[in-house]
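Undergrad: Structure provided below as structure tokens; questions to follow.
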Amino acid sequence: MPLSLAELAQRTGATLRGDEGVIVSRVATLESADEGAIAFLANPKYRPLLASTRASAVIVAPEMAGDTALPALVDANPYAIFAKVAALLHPRAAVPAGVHPSAVVDPAAKIAPTAAIAATAVIGAGAVVGERASIGAGTIIGANASVGEDTVLHPRVVVYDGCVVGPRCIVHSGVVIGADGFGMAEEGGRWIKIPQVGRVVIGADVEIGANTTIDRGALDDTVIEDDVKLDNQIQIGHNCRIGRHTAMAGCVGVAGSTRIGSNCKIGGAAIINGHIEICDNVMLGGGTGIYRSITEPGLYSGANLPLPHAEWQRVQVALPRLPELQRRLRRLEREVENARRPQHIGDKTGDGRADDSGDRGEIDS
Amino acid sequence: MPLSLAELAQRTGATLRGDEGVIVSRVATLESADEGAIAFLANPKYRPLLASTRASAVIVAPEMAGDTALPALVDANPYAIFAKVAALLHPRAAVPAGVHPSAVVDPAAKIAPTAAIAATAVIGAGAVVGERASIGAGTIIGANASVGEDTVLHPRVVVYDGCVVGPRCIVHSGVVIGADGFGMAEEGGRWIKIPQVGRVVIGADVEIGANTTIDRGALDDTVIEDDVKLDNQIQIGHNCRIGRHTAMAGCVGVAGSTRIGSNCKIGGAAIINGHIEICDNVMLGGGTGIYRSITEPGLYSGANLPLPHAEWQRVQVALPRLPELQRRLRRLEREVENARRPQHIGDKTGDGRADDSGDRGEIDS
Amino acid sequence: MPLSLAELAQRTGATLRGDEGVIVSRVATLESADEGAIAFLANPKYRPLLASTRASAVIVAPEMAGDTALPALVDANPYAIFAKVAALLHPRAAVPAGVHPSAVVDPAAKIAPTAAIAATAVIGAGAVVGERASIGAGTIIGANASVGEDTVLHPRVVVYDGCVVGPRCIVHSGVVIGADGFGMAEEGGRWIKIPQVGRVVIGADVEIGANTTIDRGALDDTVIEDDVKLDNQIQIGHNCRIGRHTAMAGCVGVAGSTRIGSNCKIGGAAIINGHIEICDNVMLGGGTGIYRSITEPGLYSGANLPLPHAEWQRVQVALPRLPELQRRLRRLEREVENARRPQHIGDKTGDGRADDSGDRGEIDS
């Protein structure tokens, strides 16, 4: 879908600089762009590429606009302008409305006339599919579940009975929404299953990556608020609530009954324990494990940096001795201190034991 | 399905206190319960809510029964009573027996007459589906695989050829049972695949969470024993054996040929190396990595607690120096010790080198 | 498929020792083998089993051939010979060519006449399926995607529009190839989706384990080179490139735009950050997190070894104090050093502060 720079400027709100008649038909990186492509510069690291790019136009921040003579869309947030331009140049292929003959739709389901139900999809009794929603091939929607307007379920998604997916969501292949939470009682050396009678309720504008799983609530619902963005292979346990505009990178695990605030950014493979709360505006580094509530916004990290294997082995052997090391150092400090002072009868600070127990007290805290 | 407290007491074995005629129709939390709901108190932390709950009845332990005047089911294990009550009040919707016309069942498959085969399910030659089993929409059962009596395979499960799922199991959407284990030989800079000719054999009363994968054995079988409970997105490698009544939280990975004992509780995202053994009654904290066999029951942990990012950076920079720190501390201790003692010719303990090598010996062990 | 030792020797290139007429029909472990089975010994740890095995023949290295009088295939790489023997004795069941009547194949798809399309598979317009390829039940191939010759897609795989799977690949159930990468711009407290217009391009002889996900590129393609082997539940972010012959164990996560070299071996649950490069011939221990580029081949590790829980707690409490410990030790060393030397005016080395700042400098690096 070729568009002129003038049109792109007008529709994205960016400032146009240079020839407004330049036509572009696709987005590309500065490096791979050629005639007809528009590229962008958001990361200063790639600034040198501005000089050599063969793009027909670029998207840049004002402070870098001087680096190039190319026609440009200039904006303080070039990445957001790029997102809008890309959406205009590469619109999602329209899926024709209607139910494919191989789909299996229960007569008691309500499918909006503008919705598209692909081949081999299965839709249960009482389910609702909103206007312009697109249900992918092999996707299965349980009884009484609902899918909002303009939502896209890619092929082979499962939405269990009674769960709710809001409007304008994008759900990728392999996602499972509403499987039973992991709830069991132990009795006499056996597990007794706790029926999971809550639902999953997903707000508007949520995107969910491939093979992510979100369990239904045990009693109350599991809730994913508006504009939450989940990458691939994330696991959300039962009764969690994820606040609006929070984004999680791939492979994150969130155990049950945890509440994560809004505007959080959770790094890949972070692990978040159950029954805790994470306040708004928390960022977690990749691979960080969270086992207690976080009440202060900020960036938290926890994963180890890698080491050459032999060095790592030495560190791991030393690590369990760290508390003892701490005590030995403290004792030594006292000894050295005492050696500098004149001794007198009754001085106990050189004993060491008192320090040990003091340290132990801190250790137990 | 409304039931009286008298009936619930009788069917769960709990002691009834108060009005036996009270009718309840659903379970709820103390906080969200209202008229017609029965709530439970298992965690003392929520004890204060007993006073304010609007539930019609509660399930409590004897020592907390005095906190409420509500009709109650009293038992030393209130969580187990709750599980039973929930199952009675919220029975699984019965799926009518029979094969949906859109299912593709090989003529050489044996489907019990009381089994239910949902839309678009595919069942291979020689496969066996037991009495009252329920095969979900889009679920695929390979040739000569078998599914036990009363087992539920939710939509979009795959059971590869020849694998066995026992009776009364629950398998959630996206689960893959019996894909090839990860076995390859290296030759001349190329990988040669090792055919995986073993099966997966799953016992009775096993529950498997969404998108969990269990690989078939290379030569012998991968075995999941009775009453094992696996949460979502768990990976079990080829030739593993998981002992009965063991439970694993989400995102756990178990590499091939590892044996895990019975009654273990494995925390979320724990990683267990291949070719090791973990004895019975082991508990692992979330995110713990296990690289050697565990021969003593108990709780083991390994993940780092999170830190504010700048503090974490300082710790990570210091960590590789820990072995050196240990040596320096030891040398200093000797020096201080020597300074306190009268020096004499031939004393070598102040040298430091001997201590270093001693520490290095421990480090190598 | 029973074969004589003579035939196996000839077809695998191994040296035959003993009765060439012995017929074997299956592979087995030394322990479980009986009449008609051929076992192998690759790991010296199992050498004692050579004496007691009931196998009809064995595969061994020359240096262990003396341990058994059984007929043997002898080779310096017994595991590779075993792989070939297993493939000969246990060939994959041939799937008859043709399109199952329940499959939904767009008239504009090009299906090779020798390809097999299983029940309920869905193949989009413009898609290409090569000679002898096998498309499993419920597998979905998007528009204009292509699947190479002799490639096997197991049941319930998804290949998104436009993606390319090379020849002789094996893709297990639940794999999702080509879902959108995780790309968003932030504007005014909302996320704007970046359309993902690149593809996934997978080379020849690649194997991909169950429920693994590989995202399509944002602008350029995500590339998996020839002979890459991916285990189950791996996540590969958009625009990654994985070099030829690299193998990854289960549960690994690779964030976007990262390049991994060839001949790397990535341990299970390793986490690799985005926008970095890992050179050829790198090995990562299980659970290792990589946050910067690696430019030197070798084995790197990072996960903590587990500890009994109480000990782990003490270590975790002590760990944040490690940088302070380092400073205190350094100060003490100076004090002890100074105590041994005659003091003179102007000596500042006993002050401690200079050392602190020195250490801090290193910490910041």
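Here's the yes/no breakdown for (1) away from chain A (no Cβ under 14 Å); (2) crowded, with 24+ Cβ neighbours inside 10 Å; (3) more than 19 Å from the chain's Cα centre (by Cα); (4) free of Cβ contacts under 8 Å to residues at least 40 places away in the same chain:
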residue: B:120; (1), (2), (3), (4): no, yes, yes, yes
residue: B:141; (1), (2), (3), (4): yes, yes, yes, yes
residue: B:161; (1), (2), (3), (4): yes, no, yes, yes
residue: B:174; (1), (2), (3), (4): no, yes, no, yes
residue: B:182; (1), (2), (3), (4): yes, yes, yes, no
residue: B:186; (1), (2), (3), (4): yes, no, yes, yes
residue: B:200; (1), (2), (3), (4): yes, yes, no, no
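Undergrad: Looking at the range A:123-137, can you tell me whether even one residue there is in contact with a Lys or Arg (Cβ under 9 Å, 6 or more places away or on another chain), modelled with pLDDT of 95 or more, within 14 Å of chain B (Cβ to nearest Cβ) and surrounded by fewer than 23 Cβ atoms within 10 Å (Cβ to Cβ)?
TA: Yes - at least one qualifying residue is present in the range A:123-137.
Undergrad: When the range C:14-57 is examined, which residues are found to be away from every other protein chain (no Cβ under 14 Å) and among the polar types (S, T, N, Q)?
TA: If the condition is that a residue be away from every other protein chain (no Cβ under 14 Å) and among the polar types (S, T, N, Q), then C:15, C:52, C:56 are the ones that fit.
Undergrad: Just to verify a result, which residue in the range A:143-152, among those that are within 14 Å of chain B (Cβ to nearest Cβ) and touching a residue at least 24 places away in the same chain (Cβ under 8 Å), is surrounded by the most Cβ atoms within 10 Å (Cβ to Cβ)?
TA: A:145
Undergrad: Scan the range A:285-321 residue by residue and report those that are more than 7 Å from every other protein chain (Cβ to nearest Cβ) and either surrounded by 21 or more Cβ atoms within 10 Å (Cβ to Cβ) or hydrophobic (A, V, I, L, M, F, W, C) (or both).
TA: Listed by number, the residues that qualify are A:294, A:310.
Undergrad: Anything in the range C:144-159 that is on the phi < 0 side of the Ramachandran plot and more than 22 Å from the chain's Cα centre (by Cα)? List them, or say none.
TA: Selection gives C:145, C:146, C:149.
Undergrad: Still on this structure: Would you point out which residue out of B:333, B:337 is touching a Leu at 6+ places or on another chain (Cβ under 9 Å), at pLDDT below 95 and of a type in the set (D, E, K, R)?
TA: Answer to the selection: B:333.
Undergrad: Conditions first: (1) modelled with pLDDT under 95; (2) under 26 Å from residue B:256 (Cβ atoms). Residue C:219 passes all but one, so which condition is the exception?
TA: The number of the failed condition is (2).
Undergrad: Out of all the residues in the range C:68-80, is one or more of a type outside the set (Gly, Ala, Ser) and out of contact with any strand residue (DSSP E or B) (no Cβ under 7 Å at 6 or more places or on another chain)?
TA: No - not one qualifying residue is present in the range C:68-80.
Undergrad: Determine whether the range C:236-251 contains at least one residue that is at pLDDT below 95 and at the interface with another protein chain (Cβ under 7 Å from one of its Cβ atoms).
TA: No, the range C:236-251 contains no residue that is at pLDDT below 95 and at the interface with another protein chain (Cβ under 7 Å from one of its Cβ atoms).
Undergrad: Continuing with this model, one more query. Being touching a residue at least 40 places away in the same chain (Cβ under 8 Å) and among the aliphatic types (A, V, I, L, M) is the filter here; which residues of the range B:1-27 pass it?
TA: Passing the criteria: B:1, B:3, B:5, B:8, B:9, B:14, B:16, B:22, B:24, B:27.
Undergrad: Consider residue B:230 carefully, then state whether it is modelled with pLDDT of 95 or more and surrounded by fewer than 24 Cβ atoms within 10 Å (Cβ to Cβ).
TA: Here the answer is no, as residue B:230 does not meet what is asked.
Undergrad: Further, regarding this structure: Please work out which residue is modelled with the lowest pLDDT, limiting yourself to the range A:90-113 and to residues that are more than 7 Å from chain C (Cβ to nearest Cβ) and under 26 Å from the mean Cα position of the chain (by Cα).
TA: Only one residue fits best here, namely A:93.
Undergrad: Filter the range B:280-313 for residues that are part of a loop (DSSP other than H, G, I, E, B) and more than 16 Å from the chain's Cα centre (by Cα) and give the result.
TA: B:291, B:292, B:293, B:295, B:296, B:297, B:302, B:303, B:304, B:305, B:306 - these are the residues of the range B:280-313 that are part of a loop (DSSP other than H, G, I, E, B) and more than 16 Å from the chain's Cα centre (by Cα).
Undergrad: Step by step: first the residues of the range C:252-267, then only those that are under 16 Å from residue C:301 (Cβ atoms) and in a strand (DSSP E or B), then the one that is nearest to the other protein chains (Cβ to nearest Cβ). Which residue is that?
TA: Restricting to residues being under 16 Å from residue C:301 (Cβ atoms) and in a strand (DSSP E or B), the top hit is C:265.
Undergrad: Please work out if residue C:205 is acidic (Asp, Glu), within 18 Å of the chain's Cα centre (by Cα), on the phi > 0 side of the Ramachandran plot and more than 12 Å from chain A (Cβ to nearest Cβ).
TA: In short, yes.
Undergrad: For the range C:1-92, which fully contained strands (runs of 3 or more DSSP E) count at least 3 residues that are within 17 Å of residue B:197 (Cβ to Cβ)?
TA: Result: C:37-40.
Undergrad: So which residues in the range B:6-40 are closer than 11 Å to residue B:72 by Cα, surrounded by 15 or more Cβ atoms within 10 Å (Cβ to Cβ) and under 33 Å from the mean Cα position of the chain (by Cα)?
TA: B:8, B:9, B:14, B:38, B:39, B:40, listed by residue number.
Undergrad: Residue under question is residue C:79, and the condition is that it be surrounded by 18 or more Cβ atoms within 10 Å (Cβ to Cβ) and of a type in the set (Phe, Trp, Tyr); does it hold?
TA: Yes; evaluated as a whole, the condition is true for this residue.
The values are calculated or read from the model by the stated rules, or taken from the named source; none is laboratory data. No experiment lies behind these values; they were computed from the predicted model shown. Using ideal geometry, Cβ is built from the backbone for each residue, glycine included, and neighbour counts are taken over all protein chains shown.
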